[in-house]
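Have a look at the structure below before the remarks.
The values are calculated or read from the model by the stated rules, or taken from the named source; none is laboratory data. Everything numeric in this text was worked out from a predicted model, so none of it was measured. Every residue, glycine among them, receives a Cβ derived from its backbone with ideal geometry; neighbour counts consider all protein chains shown.
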Amino acid sequence: MHKRCWKIIPGVILIVMLAGSVGAETLSRDHLDSQADSYLELLDQNRFDDAWLAMSKLFQALNNRAKWQNRQQVLRTAYGSLVSRQFFRINYRQSYSYSPDGSYVIIQYKSVFQNKDDTFETIVLDCHNPLNCSVRDYVLR
């Protein structure tokens, strides 16, 4: 019986290792879109405190909360309310600026605001934990 266990253990270890190495590329686009959309809804509703809390711990460590929230509020006020938002593209990367290597998903949307046409919104998801990606960055241009 003990010999049989020793034969099974390497297989179990391999399965566990492979399951742990699932990257962001294996997540469905719907799942990633849903996470990005949920975050964008917070910003669209001017829920900047909640949006800050949804950001990754690394983002929070690198940015001043009050300044970030003020910047979002100023931009959203200047741009006006959202008119439309369409998915533009998605990229998968193993690295991102000022971040450790890992799994990152960059989702871009073409957006139109009341006072600003032809805008790009970029959300960077940190998917070190693929089942629970956090927002690593948000850029409005």
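Just a few scattered comments:
- Total residues in the range 57-113, condition of a type in the set (Phe, Trp, Tyr), over 25 Å from Asp30 (Cα atoms) and loosely packed, with under 14 Cβ neighbours inside 10 Å: 1
Let's see how each residue does on (1) in contact with a Phe, Trp or Tyr (Cβ under 9 Å, 6 or more places away or on another chain); (2) farther than 20 Å from Tyr96 by Cβ; (3) modelled with pLDDT under 90:
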{"site": "His2", "(1), (2), (3)": "no, yes, yes"}
{"site": "Ala24", "(1), (2), (3)": "yes, no, yes"}
{"site": "Asp44", "(1), (2), (3)": "no, yes, no"}
{"site": "Ala54", "(1), (2), (3)": "yes, no, no"}
{"site": "Gln69", "(1), (2), (3)": "yes, yes, no"}
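- Meets criteria (surrounded by 18 or more Cβ atoms within 10 Å (Cβ to Cβ) and of a type in the set (Asp, Glu)) for Asp50: no
- Qualifying residue in the range 35-44 (condition: charged (D, E, K, R), in contact (Cβ under 8 Å) with a residue 12 or more places away in the chain, closer than 13 Å to Val124 by Cα and assigned to a helix (DSSP H, G or I)): no
- Filtering the range 36-45 to residues that are touching a strand residue (DSSP E or B) at 6+ places or on another chain (Cβ under 6 Å) and closer than 16 Å to Ser56 by Cβ leaves Ala36, Tyr39.
- Taken over the range 118-141, the criterion of being of a type outside the set (Phe, Trp, Tyr), in a strand (DSSP E or B) and surrounded by 12 or more Cβ atoms within 10 Å (Cβ to Cβ) is satisfied by Thr119, Glu121, Thr122, Ile123, Val124, Leu125, Asp126, Ser134, Val135, Arg136, Asp137, Leu140.
- Members of the range 51-104 that are of a type in the set (D, E, K, R) and over 16 Å from the mean Cα position of the chain (by Cα): Arg65, Lys67, Arg71, Arg76, Arg85
- Residue selected from the range 51-87 under the condition in contact with an Asp or Glu (Cβ under 9 Å, 6 or more places away or on another chain) and outside any helix (DSSP H, G or I), by the criterion farthest from Ser34 (Cα to Cα): Ser81
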